[in-house]
Structures are given as structure tokens and as C-alpha cells.
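Beneath this line is the structure, given in C-alpha cells, with notes to follow.
The values are calculated or read from the model by the stated rules, or taken from the named source; none is laboratory data. Because the structure is predicted, anything quoted here is derived from the model rather than measured. Glycine also receives a Cβ, built like all others from the backbone with ideal geometry; neighbour counts cover every protein chain displayed. Side chains are part of the model used for accessible areas, which takes the heavy atoms of the whole protein and leaves out ligands, DNA and RNA. Shrake-Rupley method; radii C 1.70, N 1.55, O 1.52, S 1.80 Å.
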Amino acid sequence: MWKREKNSTAIRRRSKTPGVMITQYSASLPEGKSTPDFQCKPVPVTIPEGKLAVFRAVVTGDPKPDVSWRRAKGTITDKEKFQRKFDESTGEHILEVMTATESDTYKCSAVNEYGKAVCTTTLSVIDGKFFLYFFLHKFLCFSKEERAGGENDEKFWDALLNAERKDYEHICKENGITDLHLILKKLEEKKKQRGQINNGPLQNESGLYPGFPAVAQINISNQKLNQAGTEEDLLLMEFKRRFYRNNLGCSAVATLIYNHVFAVSNVDFVIKIQEINVEEADNALFECVLTHPLPQITWMRKGLILEDGEKYSITVSEHKLIHRLMIKDCKKTDKGIYSAVAGITSCSAWLVVEDHKSGGKKTIHKTTLAGGLQKDLEIVAKEQQLKNQEEMEKILEAIKVKQAAEKVRNGKTLKINGEYCNGTDQHLRTEDKSSEEDIRVGALEDQWSAKEGAEKNCVFFSDPGVHFIWGLSDVDAIINETAELTCKLSSDDYEGAWFRDGKKISSDDIFFITKDGPIHKLVIIKCAEDHSGKYRFEADGRKTEAMVNVKDPPRFNPEDLCAFTEPLAIKVGHNAIFKVQFVGHQPIKIQWFRDGDDLQDDSSAKIENSAGHSRLLLSRCQRKDMGEIKIKLKNEHGFTEALSKLLVLDKPSPPQGPAEVTESSASCIEFKWRPPKDDGGSPVISYMLERQQVGRNTWKKIGEMKGGPTYRDTDVDRGRRYCYRIRAVTTEGISEAMETDDMQAGTFALPGPPTPPQVISTFHDCINLSWSPPSNTGGSRILGYVLEKRKKGSNLWSVVNAADELIKGLKYAVRDVVEGIEYEFKVSAVNLSGAGESSNPSEFAFARDPKIRPKFTKRMKNFMVVKAGNSVRITVNFEASPRPEIVWLKDNVLVSKRVTVSNSDCSSQLLIPISERSDSGVYSILVKNLVGQETSSTEIRVTDDPKPPGLVELEENVPGTVTVMWEPSPDEKRDDRLHYTVSKLDSSKRTWTPVADRLFNNRFTVCNIVHGREYHFRVFAKNDMGISEPSESPTWGTEKKKGGFDCDLRCAPTFIVPLKLHTATRGYECYMSCAVKGNPSPHITWYRNHVSLNTDTNYYISNTCGVCSLAILSVGPKDRGEYTVIAENSLGRAECSTFLSVRGEWGMGTHSVTLRGLILIFLFCLSFRLNKLRTSVIR
């Protein structure tokens, strides 16, 4: 076996063969040598349960690589089950799985001294009687020897030419021919040669299952549903006979094909996995929902397949739509991209592992889901499940209709649900309906079973009966707990029966059987080991099966677990005992951990285990032994963990020194220290102090001092030295003493110099300073500071503050300065001993204002409305240094003399005593100094109450409406914000009602005018100040009587306002309208592509006084087309049309055409395969 050398550099690269990863051990290879590679890698295999599976691989490389095989779910050391071979003639390395019982992932590795190549493949095991590919291949494929023998036998062809159609199958069976389709093609050609065919050649449509060989031919084209040929009938008969020989129900077959053909090739994600941010030591959960059920998907990270185990938990829901991956106890190394692979579709998301915020180790591991995942996955999965079921029911119904239509066309008598019908006298109305169904590939025409009748030309069909909406799913149950099996039928009229390992079961003390409509449920009340097995439910000849696996994983006793998780606190030197009881299948592996380290039997730890009990004894525990205690139980059925915490209590360690003297005077000594480094697991309550005068042998107890680590001793004599002992006190005891250095009371020591003063800011009458305290306080507290100043060029220092007025803080504002003069400053600290050394002088500073760019502290309003005659006042606050120049502008021109401007150091005010309309405009202020400038503007509108509009007139253009027109207000030209409001007075209500507001034109059309009523209208002008007096209209609705003759007002419908062309964006609303008149009132009908829309609830249609409208709330591709409005009454008919275009109508419809695209590919590929087979037969 080749081995990689230590300290070598590895280079990883991908092979030209997809799915192969090559690792090169060295940077360069000798001439003529190469790393291993796969010329042909093993392909995935799908077989029935219990059959032989074979993987083949061809490898290259010099020297010749060694090939090894591994699998994910165990080893391959069992030679009776796994056999490895090498075929020298072909160079193939072969792995044979003799009796495959479970799906698994296999890895093949090729290694030589220069590198290794690795690839993976999968083995999928399906229940034998539901193995579609194997069945269809056996059903429709035949060997070359069978073809040769049958096709060259002239007696065989003569028998077929002279026989009736119903005897074809029997003749083919006697001659060993299984491919009826190819034989029928050849038979049609021979009939043509002998002139036996009067009709034209039959047209067939073909297709190919995605991912499957060309082993099935079923006519699924919508245009060919009414052209059932001889070969199709015989193919269908053979197909049904073999299905029923294997006891497969129609629904089961259709469901099988749908799930294993369409689902695998066309599977997609309804909800994809999302990015997760998780704290370290928590669990992360990825979730996704599929469009079609799959028993398992592949989870990957960094190109490696993840497997269910202690680190990863992979689960799938009962309906096989929801798949989950949980990463347990996340660490920084788990960060990365995780992928879910379902068939040929995949999705990926990041896992981000963040630091634990609270610090320390976690005792509870919470599970974090994706933050953007808000939907209920179970609800989404149920909706998808119902959608799949509806598609299946459409497929079965379409096949049923097609079968009936074919038999009626051939003149045969049908018996459907107990009623007879004759094909020559009566046609099935559902035939046209079936042509509208989009029949999927492989939806087998097995919905009815064919039986041979007594009459020659009579075929009988049985009722399709019941089928399963969803079947049973495998259940992993826990011993002594309940387990449920549930299935749903398509009807609630069937009782059904339950079986376990072939024996019928009924409700008793062990099993509880219920039926809720079409849902049937079996509950195992208390699971035992002998309850494992295969359970089956049967109803009306249909059946569904599932396995119940009763497992016995390790489980803690709940009471013991509750007591175990409580932290255990003991005193130092004592023993700690952790014990817990559990149950589970033996043998159980028991492990104890402390802070993640495995504990073994030694002098300090002793572990005692029995069948259902484990005990950990930690002897003579010390403070270093405290931490997290964990027990882990594991058997072949699973594992479990429990966490606890050990606290070891002890007396505290001594306080930490050295002690720091904060004040020393003739009357007191004040000092402080640091708390103990280890408080022994309990907080410090107080400190015990003792004092010794230097030169004496005795210690005086001061007492117990509560509070922080500080003490002020006032019982001292000036000049004497003292030493102190300090002990920390907790609930666990008193620490050892910490002894301080000697401390002298009343020492004459002056403080050191503070830091030089720093100039914070300067003004013409003030200079602001700051400094830091001295590092040496002289052994006593600082009482204050003395500040001095000196002019530049002078030797005389003068005190700023008086001697009896010390500066208490570290800042001071010096106001005794002359503008334009430079000053420097120094400061000295004062303690109990006196004033100390002065600091170094500060830098020179001018007593002048700083240079500040103008900045507004309070800006003006953007817009102001003032009534004419009132005053206008604008105030602006700003900061600027030196004092700025201020300019006011109106519309970029200096303000007039009517305007009064008042300025100060930090503000400016503009005043107009009596405003006029001419004062309206934009007012700006410019503040400018040496540093810069700033500007601000506001708009002032001086206006007055508006004048009313002019004469109001009324006009009728459309029956049922009135157009109100008025002359503009005199203020309209000089006030661009002036608008109008219209109110209406109805004679039936006698109250004024607003009908329009914010009108900027001089007319408005009022709708819903009722004939026979009187109406009055008022028009108001409005602006920013208020509303004008109204202008009233003449009375509308008074009928004028005309004498001498009668007038006929009836007329045919005519469109006053026609429809316009519309272009709408997909997903948005669209509104169409037109106006029509006629007497009597015409009846309005809307059409789209000549189809009436008046009863279609997807469109909102209204007709108000001749204004006809149609609204589409959400435009889709189906709404595209020609729209027509037809108005009809007794005198005539009028029509108006338009066309609606939809933008982006193909952009979002890719999913809707995917299935049709697959079907077209199916038809083309299968046609090509059949033509090829026909050519080979002819040759």
C-alpha cells in the first residue's frame, strides 16, 4: 500500500472526469510518471431490494495504482456480501454487492506513490415490486437472438397476417417474442406489401423518460388521443396483463411512475436552505421543502457528503417533502457553505459561527434556524402534496376518458360503472375534455382493468375504485412509547384492514385502530421489540406497506436527570458524587467528561457502571477540579447526553498588595488594596484589619470592616509609622493575612508639579486652560491648585486666583486678560504640607476670538404664508468668529428700504411692518467673515382671502352627467396655488355635498345625475389663506315644456368615448373605460377574444350612467388579447374594440413551460429510438 511521505506538499486538483478529485503528493513528477486518475468512474446503481449490484471502475496511473472500496454505512469486509474483482481483459475493477438491502454511498480510491484519486457513487435500493425501470425493461426489451429467431420464421408472419388482433399476443408468446411494439411495426409493413391495408399508415408519437433508456412507448400527444392504433391496443393489453400479474394497482403504478420518473428528473426546491448565524456551541438547523417526495437527499460541505451521526443529524418528514440537516455543537471549523442536492437540482447557504457572547461554557445548546425563514414548512409541504395529488388525479381521469373514447370509436360496447353505451349510437362528451389535459409521460393507462367478455367485440371495464392519496411511511419508534401509522384513501366509503407480517390485526390492548373519513390510523399503544415488522393496510384490493422499527436508545430517568443537571457545590477536600439511572438496549457505552476531557479510573476519579446505573466519584476535590461534568450514553440505537456543573468551595486567598497610601497627614492615614485573586467560590463579605506601631511587638485588632478594599485610620500620632494586616472574610472562612509596608502619619512632603497647562480655547476676554494632577501627591490628598500668568516679554509672574481661593478642579477660565496680548501660564498643587513645585509654563496664547466659519444654529422655515397687511418677522441664529458681515436678499436682490434688518454677534432679524402682495418672494441671508460664508433661504407668500369665481354654467354631454363650467377668479393669475372646490345640492337630500376638490381648471363633470331631480352647484376658490364666497349655478333638472308637437327621444346605441389601446405590466392593475349613449338604456356585454366576460369573477365590470368600465386587478399573460364592448337595445347595436398587451409576460413563465418542454423532448427522443429499432428489424 502506498503511503504519503511526511512533510510533503499536497496539491489538490480536479480530474477531467467529472466528480473525481486528485491529490498530488509532490510539486513535480518524474518523467513518465503520473498520479492516479479514473478513466471510467463507477456509475450510480438503482436496483430492487435483495438483487445484485455491480460497480465498475477503470483507473490509470504510473506506477499502477492500488484500488480500494469503502462505504458510508459500515465496512465491506464481509466477503459473502461484498466481492472485489479485477477483469484483466477490460482493466475493470469490480465491486459486487451480492444482496443489496439498503441505499448507501460508496467511495472508490486509487493510490500510488505520487498521489491518489477519489470518486463517489450511490446505490439506491427500491422495493422489488415497485421497481419501475427493471419492470419496463423486462417488459418491452428483447434480445437479438429472440428477434432473429422470430423475424425469419415465415410461418410466424403468416399466422399473424391471417389471425385476428386479439390473437396477436398469444402467437407472439408461443414464438418467444416479447417486444410487441417492434413486431407490430414489422407486421404493418408486411400488410402494405400484400395490399391488406386500405387506410393510411398509423401515426405515432414517441417520447423518452428523462434519465431512463428508451424502454417504453405510450402515445401521449393531445392531437393523437383519438387515433388509437392496433399496436397501441396490443401494447396496452400486454402492459396491463403484466402489471396485474404482479398485483400492482392502477393508483400505485401511476404514483410510482410520477414519483420515480418525474420527481427524480424534475424535482425542485419549494423552499431552499437559508443562511444561518449561530453562536459557538449552539446547534444549527438547515431546512428545505421539495416539490416531489424523495426518501433522501444528499447534504454536502466542501465537496464531502455528510452522513447521519454524532455531529450531523439528517432527518426527513413522513411525506418525504421536508428534509433537515442539524449541525450539533457548532465550532469555528464548521463555518462554510452547506449544500442540499436533490436529483439534478441543488441549493446552498452559509453557516456563520460567531463567538459566544456571554463567555464561558454553555450548559444548554439551543438550536438556531435561518433568520429569513418565516413560513410554516408543514403547511407549505401539505399544499405541495395536495398539488401533486391533483396532478395525479388529472392524469388518471385523462387516461380513463381516452380508453372510453377509443373503444367507442371502434364500435365496441362499453360497460362503465354498470351502464352500457354503444359506440355507434352515442359518443362520450368527455372526449373533447380529455384533449385539453396535459397528460404526463408514463401516466400508465391502467386506471381500468381489461377483461375478456363473452362477445367477440365486447370489452368490459371495472370501476377504478379507491386509491391512496398518501400511503404509509416507515416509523422509528421508541420502546414503551406510542407509534402511529397513517394513510389516506381517495374515498371515505371503504373500511380496509390492517396486517402485521401478513397477519391481520384488530383493536385490542396493544393496537388501536381508528377511521376519520378517508384517513385510517393504526396506533401501537406501547411499543415492544416484537412489534417491529412490516405493516400493511388494504382497501378494495389496494395496499400500502411500511416498516416499524422499534428502537431502544439509551434514556435517562427523568427524576434522576432533573437532579443531575442541578449544579453540585462541595467544600474543598470533600468527595463529589454524580449518579444517574438509565434504560436502553444493552450494551450501552458510558463515558464521563470534565470540561470536555474524558475521565478514566484513577486515584482522583472512580467510575462504577451497572446495567441501568452509573456513578462518578471525584475524591478530595480541589478548586482546580471545578467545571462542567458530562455523561454520554451510546448504543446501537442512538446516544444521549446530560450536563451538570461542579462547584468546589474554599476560603479565599489573601488580599492582593501592595497597599497604596491615598492620604497621609498628622490626623489620619488612608490607604487601599486589591481584593483576593480567588474568592473561593463565595463573594467577599468584609475585611478584618490589625495594626502594629513600628517598634512594638503587639498587634491591635481594629475590627471587621464592611465595604470596599479601602480604610481610613484616624487614630494616629503625627510622625509615627504603622503597619497593617488585612484578611478577607467569606461564608467559607477567613483568608490568610496580607501585611502592608510601613506608613508614616503627618509626614512633611510637598506634592510634585502638575502637567503644564493646555490652552483649550481663546477669546478676546477669556482664555480657557486645563491640566492633570501631579503623579506625586506628597503622601496626602491634594487640596487645590494655584495658577499664575505672565505676559510675553515680561519676567513678572502674577497669581490668577487669590491665595485663600484655591482652584478645586483641573480647569479654569482666565478672564483678566487684554485683547491682542500673548500670555503663558503655570500651575502648582497644594496639599496638607503646602504648595508644591510649579509646573513648566504652557505655550503662549493670544487673547482673541477664534476663527470660526459661519454656521447656522437655527435655520429659517422653508415656506411661510402671511396675510396681506400683517407684519413679517424672520430671525436667524448663527455662530461665527470674527464677527461676520450680514446681507439680506429678496429674489437675489438687496431688500428694499421698507425692510428693517437688526444684527447682533450671533443673530440677525428681518422685519416687514406692513406686508403687501408684492413682498412675496424668496428671502436669503448671507453670513460672511474671513473664514468662510453660509447662506439660508425661505419663501414668503403674502396673500389674502381669495375672490369668488365668475359666472357658473351647466352643460350635459353624456346622459346622466352634468359638466359644471365657471369663469376664473380674479386672483387666479397672481396666485399659482389657487384652486377650486365644487359642491352639489340634491333636491332629494337638501344638503350640500362636496363632489370635487383641488381643481386647477375651470370645469368638472358630475356623474350619477338622476332624471327628475333638481340640482344646484356651488364653486369656491381656495388658496393658502382660506376659501372664497361661493358662485352658484342655475337650477338643473327643470323640464321645459314645449307645445305643439311630441319629440321621440329614443335612439340606437352609439359610443361617445371609444376604448383606447392599453399596455399593462404583468402583476399590475389595468383599467379600461368607454362612454355609450342610447334610449332605451342599452345592455352592455364585454368580450375577450370573443369570449364573454360578464360572468367571469376575475374581472370587475361596471356600467354607471353610460360609462362602462372593466378592471383587471393583477394582469397576467392570459389577459392578453382583444377586448370588445357590445351595446344593444331594441333600436340597434354598437360595438367598440381595443387590444391589451402585457409587458414581461414570458419573463416569469418558465416554470409553466418546463413540463411541456420535457414532454416534447420525450416525444422526439422516443420517436428517434423507435425509428432506429425499426430500421434494425427491417435489415
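The heavy atoms of His1062 present about 40 square angstrom of accessible area, all protein chains included, probe 1.4 Å. Restriction of the GluC sites (Glu not before Pro) in region 826-909 to DSSP coil positions whose beta-carbon has at most 13 other beta-carbons within 10 angstrom yields Glu843. Pull out a ≥ b ≥ c, the square roots of the eigenvalues of the alpha-carbon gyration tensor of region 852-943, then state rounded if a/c is under 1.5, prolate if not and a/b is larger than b/c, and oblate in the remaining case. Verdict is prolate for region 852-943. Across region 588-595, computed HN-Hα scalar couplings (Karplus, 6.51 cos²θ - 1.76 cosθ + 1.60, θ = phi - 60°) run 10, 7, 10, 10, 10, 10, 10, 6 Hz from first to last residue, x flagging Gly and Pro. Based on alpha-carbon centroids, what's the gap between region 272-293 and region 632-696 in Å, whole number please? Between the Cα centres of region 272-293 and region 632-696 lies a distance of 45 Å.
Please compute the per residue accessible area over region 264-354 with all protein chains in place, 1.4 Å probe, rounded to a whole number of Å².
43 Å²
Under the combined filter of DSSP loop state and at most 16 neighbouring Cβ atoms within 10 Å, region 747-817 retains these trypsin sites (Lys or Arg not before Pro): Arg781, Lys792, Lys808, Arg815.
For Cys1051, nonlocal amide neighbours, meaning residues 5 or more places apart or on other chains whose placed amide H falls under 5 Å from its own, are Asn1079.
For region 960-1000, the list of trypsin sites (Lys or Arg not before Pro) that fall in a loop by DSSP and count at most 14 other C-beta atoms within 10 angstrom reads Lys973, Arg974, Arg977, Lys989, Arg990.
Summarising the amide proton neighbourhood of Ile126: residues at separation of 5 or more, or on other chains, whose placed amide H is nearer than 5 Å comprise Ile47, Glu49. Accessible surface of Lys107, taken over heavy atoms with a 1.4 Å probe and every protein chain present, rounds to 70 Å². Rolling a 1.4 angstrom probe over the protein heavy atoms with all chains in place gives region 509-665 an accessible area of 51 Å² per residue. Computed 3J(HN,Hα) for region 13-23, one whole-Hz value per residue from the Karplus formula 6.51 cos²θ - 1.76 cosθ + 1.60 where θ = phi - 60°, is 8, 8, 7, 5, 7, x, x, 10, 10, 10, 10, glycine and proline marked x. Can you tell me how region 1-109 classifies by the Cα gyration tensor, rounded, prolate or oblate, using a/c under 1.5 as the rounded cut? Taking the square roots of the gyration eigenvalues as a ≥ b ≥ c, region 1-109 is prolate. Which parts of region 803-821 would a label at Phe763 reach, counting a residue when its backbone N lies under 18 Å from a point 7 Å out along Cα-to-Cβ? Taking a point 7 Å out along Cα→Cβ of Phe763, the residues of region 803-821 whose backbone N falls under 18 Å are 811-821.
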